[in-house]
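S.K.: This structure is in structure tokens; I'll ask about it shortly.
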Amino acid sequence: MTHKKLIITEKPSVAQEFAKVLRVSGRNDGYIENGEYVISWCVGHLVGLVYPESYDMKYKKWRLEDLPFLPKEFKYQVIDGVSKQFAIVSRLLNRPDVDTIYICTDSGREGEYIYRLVDQMAGVKGKTRKRVWIDSQTEEEILRGIRDAKDWSEYDNLAASAYLRAKEDYLMGINFSRLLTLKYGPTISAFLKADR
């Protein structure tokens, strides 16, 4: 079996730049492939935190006595509008002929988070994962990034920071939007002479 390298970018336009530099032109539905490389993309976030009602239906109705909402374990799901691309990326990540995955999402905390969630949700096992860290999409920078790619474990602290930031944003958003709506919503509605 010929082993291939899989490149995962954050956006289709970036995937096109990698394909041009690596001379990969075999276009398929949701990915590009030749004898050496498979290139696909995440279209931004493919996986996200679930809504509180996924933990318990009682949270569908907003009530002060249910606040603060603080789950013991956070749950994730594939985002509805991009489930087709997630299925494609997941299948590619787990393909038997793919032995090395090059993580080419944007260089930063958010890009790291986007890939880690996909990897987690796809249940990837037994693959070498390398992180490509580039500042631009010039041919020279892309080739350097692939050549100098480090094991993804070197970015575990960045990933931990990304998960923590996302959980913090989620908890603040869920709890404060509900609290402010329940406490001040009726007053503002009355002032605006509106239903809500």
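S.K.: In this structure, does Ile8 turn out to be part of a strand (DSSP E or B), in contact (Cβ under 8 Å) with a residue 12 or more places away in the chain and more than 28 Å from Tyr170 (Cβ to Cβ)?
M.R.: The answer is no for Ile8.
S.K.: Take the conditions basic (Lys, Arg), under 23 Å from the mean Cα position of the chain (by Cα) and either crowded, with 17+ Cβ neighbours inside 10 Å or within 20 Å of Ala149 (Cβ to Cβ) (or both) and apply them to Arg95. Does it pass? Reasoning before the result, please.
M.R.: Numbers: basic (Lys, Arg): yes; under 23 Å from the mean Cα position of the chain (by Cα): yes; either crowded, with 17+ Cβ neighbours inside 10 Å or within 20 Å of Ala149 (Cβ to Cβ) (or both): yes.
Against the criterion (basic (Lys, Arg), under 23 Å from the mean Cα position of the chain (by Cα) and either crowded, with 17+ Cβ neighbours inside 10 Å or within 20 Å of Ala149 (Cβ to Cβ) (or both)), Arg95 qualifies.
S.K.: Which of the residues spanning segment 181-196 are assigned to a helix (DSSP H, G or I) and open to solvent by less than 100 Å² (accessible area, probe 1.4 Å)? Talk me through it step by step, then tell me what you get.
M.R.: Here is the first cut: in segment 181-196, the residues assigned to a helix (DSSP H, G or I) are 181-192.
Selection gives Thr181, Leu182, Gly185, Pro186, Thr187, Ile188, Ser189, Ala190.
S.K.: Here are some residues: Arg178, Arg165. Which one is among the charged types (D, E, K, R) and open to solvent by less than 70 Å² (accessible area, probe 1.4 Å)? Reasoning before the result, please.
M.R.: Working: Arg165 fails: open to solvent by less than 70 Å² (accessible area, probe 1.4 Å).
Going through Arg178, Arg165 in turn, just one is among the charged types (D, E, K, R) and open to solvent by less than 70 Å² (accessible area, probe 1.4 Å): Arg178.
S.K.: Let me ask something else. Scan segment 88-99 and report the pairs whose first residue is more than 15 Å from Glu33 (Cβ to Cβ) and whose second residue is of a type in the set (Gly, Ala, Ser), with Cβ atoms within less than 7 Å and a gap of 6+ or a chain change.
M.R.: Ser90/Ala122; Asn94/Ala122
S.K.: Please determine whether any residue of segment 149-157 is loosely packed, with under 12 Cβ neighbours inside 10 Å and over 24 Å from Val38 (Cα atoms).
M.R.: Yes, the conditions are met somewhere in segment 149-157.
S.K.: Can I ask one more? How about segment 108-119: which of its residues are outside any loop (DSSP other than H, G, I, E, B) and more than 13 Å from Asn94 (Cβ to Cβ)?
M.R.: Initially, segment 108-119 is screened for residues outside any loop (DSSP other than H, G, I, E, B), giving 109-119.
Listed by number, the residues that qualify are Arg109, Glu110, Gly111, Glu112, Tyr113, Ile114, Tyr115, Arg116, Leu117.
S.K.: Could you tell me whether any residue of segment 81-95 is more than 25 Å from Lys125 (Cβ to Cβ), at pLDDT 95 or above and of a type outside the set (A, V, I, L, M)? Break it down stepwise before answering.
M.R.: Step one: filter segment 81-95 for residues more than 25 Å from Lys125 (Cβ to Cβ), giving 81.
Filter once more, keeping what is at pLDDT 95 or above: 81.
Retained after the next criterion (residues that are of a type outside the set (A, V, I, L, M)): 81.
Within segment 81-95 (the criterion being more than 25 Å from Lys125 (Cβ to Cβ), at pLDDT 95 or above and of a type outside the set (A, V, I, L, M)), the answer is yes, since at least one residue qualifies.
S.K.: Report, by residue number, each residue of segment 135-148 that is open to solvent by less than 60 Å² (accessible area, probe 1.4 Å) and either in a loop (DSSP other than H, G, I, E, B) or of a type in the set (A, V, I, L, M, F, W, C) (or both).
M.R.: The first filter runs over segment 135-148 and keeps only residues open to solvent by less than 60 Å² (accessible area, probe 1.4 Å), leaving 136, 141-142, 145-146.
Matches in segment 135-148: Ser136, Ile142, Ile146.
S.K.: Is there a residue in segment 28-51 that is open to solvent by less than 20 Å² (accessible area, probe 1.4 Å) and touching a Pro at 6+ places or on another chain (Cβ under 8 Å)?
M.R.: yes
S.K.: Further, regarding this structure: Determine whether Gly126 is among the small types (Gly, Ala, Ser), more than 15 Å from Gly44 (Cα to Cα) and either open to solvent by 20 Å² or more (accessible area, probe 1.4 Å) or in a strand (DSSP E or B) (or both).
M.R.: Numbers: among the small types (Gly, Ala, Ser): yes; more than 15 Å from Gly44 (Cα to Cα): yes; either open to solvent by 20 Å² or more (accessible area, probe 1.4 Å) or in a strand (DSSP E or B) (or both): yes.
Judged against the criteria, Gly126 is a match.
S.K.: Considering only segment 38-62, state which residues are in contact with a strand residue (DSSP E or B) (Cβ under 7 Å, 6 or more places away or on another chain) and among the aliphatic types (A, V, I, L, M).
M.R.: Val38, Ile39, Leu46, Val47, Leu49, Val50
S.K.: Being part of a helix (DSSP H, G or I), over 30 Å from Leu180 (Cα atoms) and either in contact with a helix residue (DSSP H, G or I) (Cβ under 9 Å, 6 or more places away or on another chain) or among the β-branched types (Val, Ile, Thr) (or both) is the requirement here; does Val21 meet it?
M.R.: Yes, satisfied.
S.K.: Could I ask something else about it? Tally time: how many residues in segment 13-27 are buried (at least 18 other Cβ atoms within 10 Å of the Cβ) and within 27 Å of Tyr76 (Cβ to Cβ)? Show your work before the answer.
M.R.: So in segment 13-27, the residues buried (at least 18 other Cβ atoms within 10 Å of the Cβ) come out as 14-15, 17-19, 22, 24.
Next, from what is left, pick out any that are within 27 Å of Tyr76 (Cβ to Cβ): 14-15, 18.
Final tally of qualifying residues: 3.
S.K.: Does any residue of segment 93-105 turn out to be of a type outside the set (Ser, Thr, Tyr) and under 30 Å from Lys60 (Cβ atoms)? I'd like the intermediate steps shown before the answer.
M.R.: Of the residues in segment 93-105, the ones of a type outside the set (Ser, Thr, Tyr) are 93-99, 101, 103-104.
Imposing the further condition that a residue be under 30 Å from Lys60 (Cβ atoms) reduces the set to none.
For segment 93-105, residues of a type outside the set (Ser, Thr, Tyr) and under 30 Å from Lys60 (Cβ atoms): absent.
The values are calculated or read from the model by the stated rules, or taken from the named source; none is laboratory data. These numbers were taken from a predicted model, which means no experiment stands behind them. Quick reminder, even Gly has a Cβ in these numbers, built from the backbone with ideal geometry, and neighbours come from all protein chains shown. Keep in mind that these areas ignore ligands, DNA and RNA; they rest on the heavy atoms of the full protein, side chains included. Shrake-Rupley method; radii C 1.70, N 1.55, O 1.52, S 1.80 Å.
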